[in-house]
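Asker: One structure, as structure tokens, below. Some questions next.
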Ligand SMILES: NC(=O)c1ccc[n+]([C@@H]2O[C@H](COP(=O)([O-])OP(=O)(O)OC[C@H]3O[C@@H](n4cnc5c(N)ncnc54)[C@H](O)[C@@H]3O)[C@@H](O)[C@H]2O)c1
């Protein structure tokens with residue numbers, strides 16, 4: 001797809017040259033394929049290089065993207081190509097949502113997480129010192145080009161992290177995708193094209209379907225937060241250092257099905273299939289040293305908590321999730337205490 005990006009994007013009939021936003025690592029690895037392909041159709045594209053990593057998804061980096069756009073003589077007819085993972089996508093997408101009150105953008109995601117999750121749904125934004133994703137917008141990309149070949153250069157931990165989000169999609173919406181993951185996991189981890197194409201297409205379809213039914217996240221879209229109540233708390237309680245997002249969500253899914261089982265919603269067989277598949281992907285960073293107090297403090301700060309109530313997505317069966325607003329905090333507390341004390345059991 002990278003080689004054909006110029007021809008594919010020409011079909012969108014933009015009337016100007018794109019501005020590419022990326023980081024130096026992605027530019028070095030895959031820019032030599034993308035840039036000539038764009039040049040063939042649009043002439044040389046200006047490139048804005050941003051820093052690599054979550055700590056660069058901030059207002060200072062955003063400001064540098066605006067400067068770069070201005071220096072590239074971008075105007076209201078211009079369009080952006082976000083070329084990279086979720087960090088580049090969120091940052092460049094938010095720049096597109098706001099530059100000159102909004103210009104179009106296209107995402108060419110280069111991580112599995114970005115291909116199956118962050119490039120779909122139109123949530124864009126940056127972090128503040130005070131917390132993640134606190135400033136943002138809904139701005140849908142005009143197109144998403146997911147080239148599986150880019151994933152071959154991805155670190156295995158990043159691939160695994162994206163795969164947990166695929167497992168999440170399957171768990172909440174598609175038992176057949178879940179079974180496919182169970183049977184084809186080795187091919188996926190080896191980046192076999194056919195297997196990757198199947199899971200990326202299916203997970204993207206699921207996310208797009210859920211988002212289309214509730215673009216502005218009133219309720220239905222929240223099922224995508226399966227595993228995120230505890231997952232976000234784990235990330236925040238460890239200052240975003242110990243876990244990749246997907247890894248925290250993986251532990252969060254394990255906690256959510258375990259809790260669901262404890263309160264009689266999730267069947268034991270579902271719990272064991274989920275736990276088994278997650279642990280087959282790779283070894284998750286441990287939960288050692290995490291206290292219930294730290295976890296609860298982090299949960300209290302989470303945007304998803306409304307007026308002190310705890311909302312959680314639980315699984316009835318594979319492919320069928322349920323948003324629950326009636327979680328008894330004391331019950332959850334005692335479950336999490338056990339969960340943190342004996343993570344090896346899970
Ligand atoms: N907008 C949404 O709906 C949404 C959803 C989920 C996550 N997110 C956001 O996504 C971000 C995480 O995204 P991510 O996991 O893609 O992280 P990332 O963008 O930081 O990418 C991970 C690392 O992989 C490198 N990389 C990217 N593509 C590569 C390739 N093809 N080969 C080698 N290295 C490559 C990056 O330079 C980076 O170092 C977070 O900021 C999160 O908040 C957004």
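FYI, it's all coordinate maths here, none of it is from the lab. Small disclaimer: the values here were computed from a predicted structure and weren't measured. Methodologically, a virtual Cβ is constructed for each residue, glycine included, from the backbone with ideal geometry; neighbour enumeration extends over all protein chains shown.
Asker: Using Cβ counts within 10 Å as a stand-in for footprinting exposure, how do 287, 216 rank, fewest first?
Answerer: Result, fewest neighbours first: 216, 287.
Asker: Cα axis of helix 329-341 to longest principal axis of the chain: angle in degrees, 0 to 90, nearest 10?
Answerer: That helix lies at roughly 80 degrees to the long axis.
Asker: While we're here: What angle do you read, to the nearest 10 degrees and between 0 and 90, between the alpha-carbon axis of helix 193-213 and the longest principal axis of the chain?
Answerer: 80
Asker: Further, regarding this structure: What share of Cα pairs, in percent, lie more than 25 angstrom apart in the chain?
Answerer: 52
Asker: As a footprinting exposure proxy, order 310, 254 by other Cβ within 10 Å, with the fewest listed first.
Answerer: 310, 254
Asker: May I ask for log10 I(q)/I(0) of region 25-88 at q = 0.17, 0.29 Å⁻¹, from a Debye sum over the Cα atoms as equal point scatterers with solvent left out?
Answerer: Evaluating at q = 0.17, 0.29 Å⁻¹ gives log10 I(q)/I(0) of -0.66, -1.37.
Asker: Once the Cα gyration tensor of region 161-316 is diagonalised, what are the square roots of 5 times its eigenvalues, in whole Å and ordered largest first, as equivalent ellipsoid semi-axes?
Answerer: Each semi-axis is √(5λ); the values are 25, 19, 15 Å.
Asker: Additional query: For the chain, take the longest principal axis of its alpha carbons; what is the angle in degrees between that and the long axis of helix 175-189, to the nearest 10 within 0 to 90?
Answerer: 70
Asker: Once you sort the root eigenvalues of the Cα gyration tensor of region 43-170 as a ≥ b ≥ c, which label holds: rounded (a/c under 1.5), prolate (a/b larger than b/c) or oblate (the other case)?
Answerer: Prolate, since a/c reaches 1.5 and a/b exceeds b/c.
Asker: May I pose another question? Which percent, to the nearest 5, of DSSP beta bridges fully inside region 52-165 are antiparallel?
Answerer: 40
Asker: May I ask you to sort 35, 177 by Cβ crowding, counting other Cβ atoms within 10 Å and putting the fewest first?
Answerer: Least crowded to most crowded, the residues run 35, 177.
Asker: Normalised by the empirical 2.2 N^0.38 Å for globular proteins, what value does the Cα Rg of region 51-107 take?
Answerer: For region 51-107, the normalised Cα radius of gyration is 1.02.
Asker: Given a cut-off of 19 Å, what percent of all Cα-Cα pairs of region 155-223 lie beyond it?
Answerer: 33
Asker: Find how much the distance from residue 341 to residue 213 grows on full extension, using 0.36 nm per residue of separation minus their present alpha carbon separation; answer in nm with one decimal.
Answerer: Here the answer is 42.2 nm.
Asker: What is the Cα centroid distance between region 11-40 and region 94-167, reported in whole angstrom?
Answerer: One Cα centre to the other: 16 Å.
Asker: Determine Rg/Rh for region 123-176; Rg is computed over alpha-carbon atoms and Rh is the Kirkwood hydrodynamic estimate from the same atoms.
Answerer: With Rh from the inverse mean 1/r over Cα pairs, Rg/Rh is 1.05.
Asker: Roughly what % of DSSP beta bridges within the chain run antiparallel, to the nearest 5?
Answerer: 45
Asker: Is it possible to state the helix-based mean residue ellipticity at 222 nm for the chain, with each DSSP H run of 4+ residues giving -39500 (n - 2.57), the sum divided by total residues, to the nearest 500 deg cm²/dmol? What is it?
Answerer: -16000 deg cm²/dmol
Asker: For the chain, modelled as a Gaussian network with Cα springs under 10 Å, which listed residue fluctuates most, 16, 161, 118?
Answerer: Result: 16 has the largest fluctuation of those listed.
Asker: Under 10 Å, Cα contacts only: if you run a Gaussian network model on the chain, which one of 236, 37, 60 comes out with the highest mean-square fluctuation?
Answerer: 60
Asker: Return the single residue from 33, 206, 274 with maximal mean-square fluctuation; model: Gaussian network over the chain, springs between Cα atoms under 10 Å.
Answerer: 33
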